[in-house]
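See below for the structure under consideration.
The values are calculated or read from the model by the stated rules, or taken from the named source; none is laboratory data. The structure displayed is predicted, hence computed values, not measured ones. Heads up, the Cβs are rebuilt from the backbone with ideal geometry, glycines too, and the neighbour counts pull from every protein chain shown. Accessible surface areas use protein heavy atoms only, side chains included; no ligands, DNA or RNA. Shrake-Rupley method; radii C 1.70, N 1.55, O 1.52, S 1.80 Å.
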Amino acid sequence: MAGVETMAREENGQAGDQVTSLSRAVERKRYTPVLLEEQEKEAEDLRSVLTRKLKKKCLCSPSRAKELVLGFFPILSWLPQYRPKECLLGDVMSGLIVAILLVPQSIAYSLLAGQEPVYGLYTSFFSCIIYAVLASSRHVSVGIFGVLCLLVGQVVDRELQAAGYTSEGGRNQTGMTGAGNLTAGMTCDQSCYAISVATMLTFMAGLYQVLMGLFQVGFVSVYLSDSLLSGFATGASLTILTSQVRHLLGLKLPRVQGLGSLVKTWVSLFQNLKDTNLCDLVTSLLCLLVLVPTKELNDRYKAKLKAPIPTELLVVIVATLASHYGRFEERFHSGVAGTIPTGFQPPQMPDWSLIPNVALDAFSIAIIGFAITVSLSEMFAKKHGYTVDANQEMYAIGFCNILPSFFRCFTTSAALTKTLVKDSTGCHTQLSSLVTALVLLLVLLVIAPLFYSLQKCVLGVIIIVNLRGALRKFGEIPQMWRVNRVDAAIWLVTMATSALANTELGLLVGVAFSAFCVLARTQRARAAKLGRAGESGPYEDLSAYRGLQAHAGFIVFRFEAPVYYANQSLFKKALYRCTELDPVQEAALRRKEQQQQNKKRKKEKDKEKEEEAGLEGRGGASPDSGVATVAQLIVPEKRSFHTLVIDCGPVLFLDTAGVNALKEVYRDYKELGVGVLLAQCNPSVLDSLRRGGYLQQGSDEAQLVFCTISDAVGSTQSYCTENGGCEIDSHC
């Protein structure tokens, strides 16, 4: 007996040791996930937020007033700290060189805008001064920009036709009544009315830009991507080139308006090719033979040249002398610049009656001018290690349009070519713009009348030669396509629409197509099953890398896009495809199978009752009457996992539809006995989950949301080990 009791005690002791060792092993395997304690946020209603911001903006103190003044007039900040020994020589040289380039371009681009040459000089002069005072950029050169001149010229030509003016000067008396602001007693000729339209358009564009700066909407420039702006500029360059061919050939043709103007213009050119002015054609070819090679030399050796060769100015001087002494206007009927008056005309108010006609056109011009100015200012600020204020740039370019509009000027913006020249010739501050303005003032007061005999074909050649940079983009299409097909498609669509349809329409179509591409990327988001390399490696796509292993009983799923109303159905489809289990269809199949089994059991019961009734009638009994004859058939579960982990790291945000989609996924998989866990949710996603009801008030979020995928997997494995199974109803 004693031996038996001893053996029993030993067996009990061994069993106790086994239980203790098992419990210790479980304790060692228990996983403790990382828990982050969120910062408490003070609830603040809209009224208090607005009150606080208004107090901050409207705070009146000497320091605040000084800050506002210095912020609005940046020249007051950098001019007192100006270092003449270091900066003066570079600023003066760059200002002189830019002015030498700007004089012929100002006269040439006036032709593109449908204005007299003197108005181009006015525009460049006033914009240089105003931008130097208000700009936060130190290197950007503001002046006449080809694309904006094209837009202005299109609006001017449209309004001239509507007012009854012809395209080549003079007045169509039969069309006088078509102009709402003209009367029979008016003496305003075509040039006067053209600049009236341009100044009103410029004033409205500047007003839009200042209002956008006032309301702090400088961020709108981010919606105009580089590919969009490049495509728009290239398409507009094709239109500009087409519009100048008539001047190169000496053809007096009206500018074509409306959709398809580029094609219609070329058709008109070929139809009138027989009327080509040979003097203008020869002059154009000679200027091209001189300007194109020298421009290429300037580009190729710009690092070695201290200053670019002023070929345009030399061509203008030589061509003017040749035209004057050769009497090209009288002998060959060549079109010339005409009289360019000296001095300034008195300021005048814009024609307010034109606002309904130009308000919509001015908005697109304002957006383009601002986007180009901000992109250039940020690019050169980054290059030279300082920052610019986008809203201040909005103010600067806005007032560069508003104030000069009272002095017969048209729309301006930053110009890439002149900015590059300015930067490469030693510019340090906007003092160089003031030097440029002084040179332009000298031209306006003394030199301008000397350009009377300058042929218009020479101005057209200058415009076309300066389009080389934009037209070279066609050679970069294969590279753009290899780098990013979406950006290449945006470029092609914007360019084609701007050139073949309409310039303003091209910008609108480009913005819409860019937004569609962004939306399409979320519609075609990448979805993947994740695996892990080793026990501490990151979770990555199983189809992208070798050597990754998936956890037994787990599926880790990643959807690389926000989940919102437009792609929530695609999110669920991608999830069902990766898990190879559609819980909705699976539940429907189970219900259908259950109904079939119920019908089968009912039939068998009816059959048993009939047999029992027959046996009772014969006085017998069924030998198996006390045994259940129907076995309940359960639908087999065709799944190899018990937990689904959704990696929310790439999910930037959730809307109501996205939260509802996650709730449906959680509920549907839970009905099949599969747990759904979320990992790596950012604070915005967590807030959306709480607001949307995915995380119920008072529920244990630590059982549904984890900081990392490893925490989600390790915590579930630990739970399964402790409880001998993974019953999702008790775990989540």
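If you filter segment 452-480 down to residues that are within 14 Å of SER110 (Cα to Cα) and touching a strand residue (DSSP E or B) at 6+ places or on another chain (Cβ under 9 Å), you find that the one that is surrounded by the most Cβ atoms within 10 Å (Cβ to Cβ) is GLN455. Against the numbered list (1) under 30 Å from ARG83 (Cα atoms); (2) modelled with pLDDT of 90 or more; (3) touching a helix residue (DSSP H, G or I) at 6+ places or on another chain (Cβ under 8 Å); (4) not charged (D, E, K, R), THR417 comes up short only at (2). One residue stands out among those in segment 691-720 that are of a type outside the set (Asp, Glu) and open to solvent by 70 Å² or more (accessible area, probe 1.4 Å): the one that is modelled with the highest pLDDT, which is ARG691.
Checking LEU420, LEU442 one by one, the residue that is free of Cβ contacts under 8 Å to residues at least 40 places away in the same chain and under 27 Å from ALA194 (Cβ atoms) is LEU442 and no other.
This table checks each residue for (1) out of contact with any Leu (no Cβ under 7 Å at 6 or more places or on another chain); (2) modelled with pLDDT of 90 or more.
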{"position": "ALA470", "(1), (2)": "yes, no"}
{"position": "PRO478", "(1), (2)": "yes, yes"}
{"position": "TRP481", "(1), (2)": "yes, yes"}
{"position": "ASP487", "(1), (2)": "yes, yes"}
{"position": "THR494", "(1), (2)": "no, yes"}
{"position": "GLY506", "(1), (2)": "yes, no"}
{"position": "ALA533", "(1), (2)": "no, no"}
{"position": "GLU540", "(1), (2)": "no, yes"}
{"position": "VAL556", "(1), (2)": "no, yes"}
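Per-residue answers, yes or no, for (1) open to solvent by less than 70 Å² (accessible area, probe 1.4 Å); (2) out of contact with any strand residue (DSSP E or B) (no Cβ under 6 Å at 6 or more places or on another chain); (3) modelled with pLDDT of 85 or more; (4) within 19 Å of ALA198 (Cα to Cα):
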position	(1), (2), (3), (4)
PRO74	yes, yes, yes, no
TRP78	yes, yes, yes, no
ARG83	no, yes, yes, no
CYS87	yes, yes, yes, no
LEU111	yes, yes, yes, yes
THR123	yes, yes, yes, yes
ILE129	yes, yes, yes, no
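Do the conditions hold for ARG558, that is, is it of a type in the set (D, E, K, R), within 39 Å of the chain's Cα centre (by Cα) and part of a strand (DSSP E or B)? For ARG558, the condition - of a type in the set (D, E, K, R), within 39 Å of the chain's Cα centre (by Cα) and part of a strand (DSSP E or B) - is met.
Filtering segment 315-355 to residues that are in a loop (DSSP other than H, G, I, E, B), open to solvent by 60 Å² or more (accessible area, probe 1.4 Å) and closer than 19 Å to ALA198 by Cα leaves PHE344, GLN345, PRO346, PRO347, GLN348, MET349.
Test VAL92 against the stated conditions and say whether it is assigned to a helix (DSSP H, G or I) and either open to solvent by 40 Å² or more (accessible area, probe 1.4 Å) or more than 30 Å from VAL336 (Cα to Cα) (or both). For VAL92, the condition - assigned to a helix (DSSP H, G or I) and either open to solvent by 40 Å² or more (accessible area, probe 1.4 Å) or more than 30 Å from VAL336 (Cα to Cα) (or both) - is met.
The number of residues in segment 411-424 that are surrounded by 22 or more Cβ atoms within 10 Å (Cβ to Cβ) and either closer than 19 Å to GLU312 by Cα or in contact with a strand residue (DSSP E or B) (Cβ under 9 Å, 6 or more places away or on another chain) (or both) comes to 8.
Residues to consider are GLN585, GLN594; find the one that is modelled with pLDDT under 90 and over 29 Å from SER688 (Cα atoms). None of the other options fit; the residue is GLN594. All of SER127, SER136, SER94 fail the test of being of a type outside the set (Lys, Arg), touching an Asp or Glu at 6+ places or on another chain (Cβ under 6 Å) and farther than 26 Å from SER334 by Cα, apart from SER136.
Scanning segment 641-673 for residues that are acidic (Asp, Glu) and out of contact with any helix residue (DSSP H, G or I) (no Cβ under 8 Å at 6 or more places or on another chain) yields a total of 0.
Answer yes if at least one residue in segment 514-533 is within 30 Å of VAL267 (Cβ to Cβ) and either open to solvent by 20 Å² or more (accessible area, probe 1.4 Å) or under 20 Å from the mean Cα position of the chain (by Cα) (or both), and no otherwise. No, the conditions are met nowhere in segment 514-533.
This table checks each residue for (1) buried (at least 17 other Cβ atoms within 10 Å of the Cβ); (2) within 25 Å of PHE554 (Cα to Cα); (3) more than 47 Å from the chain's Cα centre (by Cα); (4) at pLDDT below 90.
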{"residue": "ILE634", "(1), (2), (3), (4)": "no, yes, yes, yes"}
{"residue": "GLU637", "(1), (2), (3), (4)": "no, yes, yes, yes"}
{"residue": "LEU644", "(1), (2), (3), (4)": "yes, yes, no, no"}
{"residue": "LEU654", "(1), (2), (3), (4)": "yes, yes, no, no"}
{"residue": "GLY658", "(1), (2), (3), (4)": "yes, yes, no, no"}
{"residue": "LEU662", "(1), (2), (3), (4)": "yes, yes, no, no"}
{"residue": "GLU671", "(1), (2), (3), (4)": "no, yes, no, yes"}
{"residue": "LEU678", "(1), (2), (3), (4)": "yes, yes, no, no"}
{"residue": "SER688", "(1), (2), (3), (4)": "yes, no, no, no"}
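Of the residues in segment 592-607, at least one is in contact (Cβ under 8 Å) with a residue 40 or more places away in the chain and assigned to a helix (DSSP H, G or I). Applying the criterion of at least 2 residues that are under 19 Å from PHE145 (Cα atoms) and hydrophobic (A, V, I, L, M, F, W, C) to the helices (runs of 4 or more DSSP H) found wholly in segment 429-500 leaves 431-442, 456-465, 468-471. Residues in segment 242-258 that are among the hydrophobic types (A, V, I, L, M, F, W, C) and assigned to a helix (DSSP H, G or I) were compared, and the one that is surrounded by the most Cβ atoms within 10 Å (Cβ to Cβ) is LEU248. Taking residues in segment 679-693 that are in a helix (DSSP H, G or I), and partners anywhere that are modelled with pLDDT under 90 and open to solvent by 40 Å² or more (accessible area, probe 1.4 Å), the pairs with Cβ atoms closer than 8 Å and at least 6 places apart or on different chains are PRO683/GLU38.
Against the list (1) open to solvent by 40 Å² or more (accessible area, probe 1.4 Å); (2) without any contact (Cβ under 8 Å) to a residue 60 or more places away in the chain; (3) more than 18 Å from SER432 (Cβ to Cβ), the condition SER61 fails is (1).
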